[in-house]
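The values are calculated or read from the model by the stated rules, or taken from the named source; none is laboratory data. The structure displayed is predicted, hence computed values, not measured ones. Methodologically, a virtual Cβ is constructed for each residue, glycine included, from the backbone with ideal geometry; neighbour enumeration extends over all protein chains shown. Side chains included, ligands, DNA and RNA excluded: accessible areas come from the protein's heavy atoms. Shrake-Rupley method; radii C 1.70, N 1.55, O 1.52, S 1.80 Å.
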Amino acid sequence: MLHPPSTREFLHEFIGHYVALEGKLWKSLLLLLFRPGQLTLEYINGRRVRYIQPLRLYLTFSLIFFAVAKYGGHDQVPAPAGQGHAPVAAHGQADKQGGLMREDAPGEIAEGTADLRKSIGSVNEHWGEQADRFARMAPAERDKVMRTAFGSYVPYAVFLMMPLFALYLKILYLGSGRRYGEHLLFALHVNAFAFLALTLLMVVPDIVGIVSFVLWAWLLLYTPVAMRRVYGGSRLVTGVRWLVLMALHVTGVGVAIGAAFAFGILH
């Protein structure tokens, strides 16, 4: 008789499929963690059967990251300008510095955002109404809206940056003979590692700061090491390309995340 699988049965099936039967997970993880760029080279050179597909690898670690951030209490995101958080005093009021509203008067409008809401309303009346509604919310309500936007829209926004990441590489390595698809493979692998490293930073117990230091240092060095392994070139030129790549990518991700939060607030 059929019955819904229990958590134990589900985990057994997951482990059996990805680890015991195929062994792809461990092979992919070892290369991804300790040999930056090698997994990309394996795919480029046609040795693909033994490893997890790049897109699946990226999606797996990105979903794990956002799930841990959301359900593990790590999803505290910065509020929009003028909507920051402040400790709530015993009498139920928040510090008004930076345009904060009194918790006992959620209908009070922060003056610093009035012009912005008017500008939004001039573009789209519904957006203006939603921005006004958001501004009138109590801090706890605003936090809830921001958490919903974080879990619902930010993962898609970050994923949409992968083609741009590959495009940046294509431009930075013009004349290298690498096709756009190869740059996209590299983008998926290095960003999969970034999500994995950030997840480990959230869940692995720190030991006098050593674990955090090692993970942050490896996260910082990982991409230039991977770039040099896949594309070649001197350390100096690779370093310059990496700085340009990170400046473009961080800016793009920041804009995408801001747009995702705006969509979550205004839709």
What do you reckon, is Phe34 modelled with pLDDT of 90 or more, of a type in the set (Phe, Trp, Tyr) and surrounded by 15 or more Cβ atoms within 10 Å (Cβ to Cβ)?
-> no
Does segment 214-229 include one or more residues that are among the hydroxyl-bearing types (Ser, Thr, Tyr) and more than 21 Å from Tyr51 (Cα to Cα)?
-> no
Subset of segment 206-252, residues closer than 24 Å to Leu164 by Cβ and touching an Asp or Glu at 6+ places or on another chain (Cβ under 6 Å), comes to none
Unmet requirement for Thr223, which otherwise passes all of (1) surrounded by fewer than 18 Cβ atoms within 10 Å (Cβ to Cβ); (2) modelled with pLDDT of 90 or more = (1)
In segment 175-214, the residues that are in contact with a helix residue (DSSP H, G or I) (Cβ under 9 Å, 6 or more places away or on another chain) and loosely packed, with under 14 Cβ neighbours inside 10 Å = Arg179, Tyr180, Gly181, Met202, Val203, Val204, Pro205, Asp206
Select from segment 232-264 the residues that are surrounded by 14 or more Cβ atoms within 10 Å (Cβ to Cβ) and either polar (S, T, N, Q) or in contact with a Cys (Cβ under 8 Å, 6 or more places away or on another chain) (or both) and list them in ascending order.
-> Thr238
Checking Ala166 against (1) modelled with pLDDT under 90; (2) over 26 Å from Gly72 (Cβ atoms), which single condition isn't satisfied?
-> (1)
Does Val154 satisfy the condition of being β-branched (Val, Ile, Thr), more than 27 Å from Arg48 (Cα to Cα), open to solvent by 60 Å² or more (accessible area, probe 1.4 Å) and in contact (Cβ under 8 Å) with a residue 24 or more places away in the chain?
-> no
